[in-house]
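Quick one: this structure, given as structure tokens, is what I'll be asking you about.
The values are calculated or read from the model by the stated rules, or taken from the named source; none is laboratory data. Just so it is clear, the structure is predicted and the values come from calculations on it, not from any experiment. Here Cβ is always computed from backbone atoms with ideal geometry, including for glycine, and neighbour counts include all displayed protein chains. We work out accessible area using only protein heavy atoms, side chains counted, and drop any ligands, DNA or RNA first. Shrake-Rupley method; radii C 1.70, N 1.55, O 1.52, S 1.80 Å.
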Amino acid sequence: MSTIAAISTAPAIGGIGIVRMSGEKCFDILEKIFVQKNPQKIENIKGYTIKYGKIIDTSNNKVIDEVLVSYFKCPKSYTAENMCEINSHGGIIVLRKILEMCLTNGAKLAEPGEFTKRAFLNGRIDLTQAEAIIDIINAKSSREAQESANQLEGFLSKKIHEIRKKIIDLMVDIEANIDYPEYDIEEVSNNSAREKLEEVENELVKLSKSFESGKILKEGIKIAIIGSPNAGKSSLLNAILKEERAIVTDIAGTTRDIIEEQVIIGGIPFKIIDTAGIRDAENKIEQIGIEKSKKTAKNSDVIIAVFDNSKELNSEDKEILELLKEKKSVIVLNKMDLVSCDLKNKKEIKETNRPIVETAVKEEKGLDNLYKELIDMFNLNQINLDNELIITNIRHQNLINKAIESTRMALNDLKMSMPIDIISINIKQILEYLGEITGDNVSEDIIKNIFSKFCLGK
Ligand code: GDP
């Protein structure tokens with residue numbers, strides 16, 4: 001394969017920066033541009049060693065930077081090819097200049113994800129592990145990063161291989177039956193095939209179900225804060241954001257003008273759909289309007305409905321209570337520091353059957369109880385990363401679901417005593433789907449699609 005090079009650190013000024021190179025000619029190119037302080041022949045340099053020296057501009061022999069070069073020798077490297085990493089000072093210009101030297105001396109510019117793609121094509125990692133690397137880079141919470149790290153360790157691949165092995169064993173039995181129909185083993189193998197398939201079905205269903213947790217880890221939970229004007233919505237939002245001191249990003253909503261603030265509670269990302277911006281623009285005397293609440297509620301996984309406990313419920317409050325019936329929700333009775341109207345005992349509130357949290361947001365009281373309700377509501381404490389395999393990737397989820405469908409069709413064929421060669425069509429299909437997850441059999445298009453999501457230099 002050709003030799004590729006790229007800047008692997010972020011395109012910004014930093015203490016150090018890294019240019020990476022991988023491929024057959026990697027060390028030849030390095031020889032041309034790198035002058036070692038204590039020169040040693042490449043064959044005498046062991047893998048996993050670092051050498052100090054200077055990178056030279058081969059067009060004018062001037063020094064570009066003082067560097068440390070790490071050597072990795074085939075197959076013990078990230079790509080399983082000869083590789084080096086040039087650690088320079090982290091200026092953008094310096095890094096570009098070093099990259100240019102690699103390119104003018106024979107390397108080609110790597111495509112996004114090409115280093116990892118090579119690791120996959122060279123058999124060092126499988127597809128689920130490559131996908132885990134993207135997820136680790138993009139992780140927004142510690143738990144998501146942990147789950148991706150588990151996947152990088154190969155937990156998911158191991159499980160898929162185990163399941164595939166069971167199916168391959170089954171195929172062997174079935175093929176024997178097709179090849180030697182004169183032996184009367186049909187009855188026996190029919191029963192054991194059914195047992196094995198049911199086992200496979202159960203395991204796949206368990207994996208598929210874990211995606212509920214996986215989706216939460218990856219995408220977070222969307223919260224909408226709704227309530228009448230002055231109930232304390234903005235104060236609540238600010239208190240949550242301040243308390244957690246973890247506003248990661250403002251993500252512009254994919255639809256319309258909703259802004260999402262992100263906050264990590266209990267290691268899980270929560271996205272708060274924030275209509276504050278819209279509200280401010282429309283000034284204080286606006287009609288807050290149930291319409292806006294509806295819109296916000298529609299886009300959420302859970303609603304936090306805020307009421308001013310120092311006032312009786314108004315007609316807008318009552319309409320808001322109606323909205324809660326269709327969604328997971330928590331009722332926040334705010335301003336408990338003021339004179340109380342005892343809203344928690346009001347018929348309309350009680351009828352919703354939703355958990356009630358009493359707060360005095362202004363004094364930052366009651367937030368812990370709110371978090372506890374949210375964590376319980378989504379069983380977040382039960383997302384146990386140590387013992388359980390969790391699917392976080394929608395591609396895996398889709399393929400597992402397809403495999404479940406084929407398993408059920410095969411079971412059905414068995415039940416109907418279809419000819420064994422018909423049954424084996426669906427069984428082969430299960431193998432195909434599972435093989436697509438790990439990359440054992442996967443089309444070029446899918447590979448291209450997966451690696452295009454990587455950043456440059458990875
Ligand atoms: P929003 O219109 O629902 O977003 O309400 P705000 O968060 O802007 O709050 C309206 C007013 O209520 C502000 O003057 C807040 O300072 C006040 N407020 C918010 N929470 C509390 C609270 O717990 N106790 C008291 N006494 N006042 C509060």
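Among I391, I273, V35, whose Cα lies farthest out toward the positive end of the dipole of the chain, if unit charges sit on the beta carbon of Lys, Arg (+1) and Asp, Glu (-1)?
The listed residue farthest towards the positive side: V35.
Sticking with this one: Residue-wise, which Karplus ³J(HN,Hα) couplings in Hz belong to region 219-234, taking 6.51 cos²θ - 1.76 cosθ + 1.60, θ = phi - 60°, and x for glycine or proline?
9, x, 10, 8, 10, 10, 9, 10, x, 5, x, 6, 5, x, 5, 5
DSSP loop (so not H, G, I, E, B), at most 16 other Cβ within 10 Å: list which GluC sites (Glu not before Pro) in region 338-405 pass both filters. Display every interim value, and only then the final one.
Details: sites: E348, E351, E358, E363, E364, E373, E388, E405; in loops: E364, E388.
Passing sites in region 338-405 are E364, E388.
Run the dipole for region 295-351 about the Cα centre, Lys and Arg Cβ at +1, Asp and Glu Cβ at -1, nothing else charged, and hand back the magnitude in debye, nearest 20.
Numbers: 12 positive and 12 negative charges, 38 e Å.
Roughly 180 debye for region 295-351.
Rounded to a whole number, what % of the accessible area of the chain do carbon and sulfur atoms account for, probe 1.4 Å?
On the way: 11840 of 23170 Å².
On the chain, the fraction of accessible area on carbon and sulfur atoms equals 51 percent.
What distance in nm separates the two pseudo spin-label positions at K347 and E195, each 7 Å out from Cα along the beta-carbon direction?
My value for the distance between the label points is 6.2 nm.
What list of ³J(HN,Hα) values in whole Hz, one per residue of region 358-366 in order, does the Karplus curve 6.51 cos²θ - 1.76 cosθ + 1.60 (θ = phi - 60°) give from phi, with Gly and Pro shown as x?
Here the 3J(HN,Hα) series is 9, 9, 10, 4, 4, 9, 6, 10, x Hz.
Magnitude of the Cβ-charge dipole of region 4-110, K/R +1 and D/E -1, about the Cα centre, nearest 20 debye?
Numbers: 14 positive and 10 negative charges, 26 e Å.
Result for region 4-110 is approximately 120 debye, rounded to the nearest 20.
Would you mind working out the accessible area per residue for the chain, using a 1.4 Å probe, and quoting it in Å²? Walk me through the intermediate numbers first.
Details: 23170 Å² over 458 residues.
Spelled out: the 1.4 Å probe surface of the chain, per residue, equals 51 Å².
Please label the shape of the chain as rounded, prolate or oblate, based on the square roots a ≥ b ≥ c of the eigenvalues of the alpha-carbon gyration tensor (a/c under 1.5 means rounded; beyond that, a/b larger than b/c means prolate, else oblate).
On the way: a/c = 3.10, a/b = 1.24, b/c = 2.51.
Cα axes put the chain in the oblate bin.
Also, quick follow-up: Among DSSP beta bridges lying fully in the chain, give the percent that are antiparallel, nearest 5. Working shown, then result.
Values: 40 of 61 bridges.
Antiparallel bridges: around 65 percent, rounded to the nearest 5.
Let me ask something else. Compute, for the chain, the length of the dipole vector about the Cα centre, with Cβ point charges of +1 (Lys, Arg) and -1 (Asp, Glu) only. Units Debye, rounded to 20. Intermediate results must be reported in sequence, preceding the final value.
On the way: 64 positive and 73 negative charges, 366 e Å.
Roughly 1760 debye, rounded to the nearest 20.
Counting only pairs 8 or more places apart or on different chains, how many lysine pairs in region 331-412 have C-alpha atoms closer than 20 Å?
Going through region 331-412 pair by pair, I get 12.
Hey, can you rank 66-72, 225-231 by average C-beta count inside 10 Å, highest first?
On the way: 66-72: 18.9, 225-231: 21.6.
In decreasing order of mean packing, 66-72, 225-231 become 225-231, 66-72.
Report the FRET efficiency, 1/(1 + (r/R0)^6), for I168 and D337, where r is their Cβ-Cβ distance and R0 is 56 Å, rounded to 0.05.
Details: r = 67 Å, r/R0 = 1.19.
It comes to 0.25.
Starting from the amide H of I225, placed 1.01 Å from N in the peptide plane, find each other amide H under 5 Å away whose residue is 5 or more places distant or on another chain.
Hits under the 5 Å cutoff: I273, I304.
At 0.36 nm per residue, minus the direct Cα-Cα distance, what do Q40 and S59 gain on full extension? Give it in nm, one decimal, please.
Numbers: separation 19, 0.36 × 19 = 6.84 nm, distance 2.37 nm.
Going from the current span to full extension adds 4.5 nm.
A further question follows. Let me have the 222 nm mean residue ellipticity of the chain computed from DSSP H runs of 4+ only, each contributing -39500 (n - 2.57), with the sum over all residues rounded to the nearest 500.
When only DSSP H runs of four or more count, the value is -14500 deg cm²/dmol.
A follow-up question, please. Whole-Hz Karplus ³J(HN,Hα) for region 79-87, in order, using 6.51 cos²θ - 1.76 cosθ + 1.60 and θ = phi - 60°, x for Gly and Pro?
8, 6, 10, 5, 9, 9, 10, 9, 8
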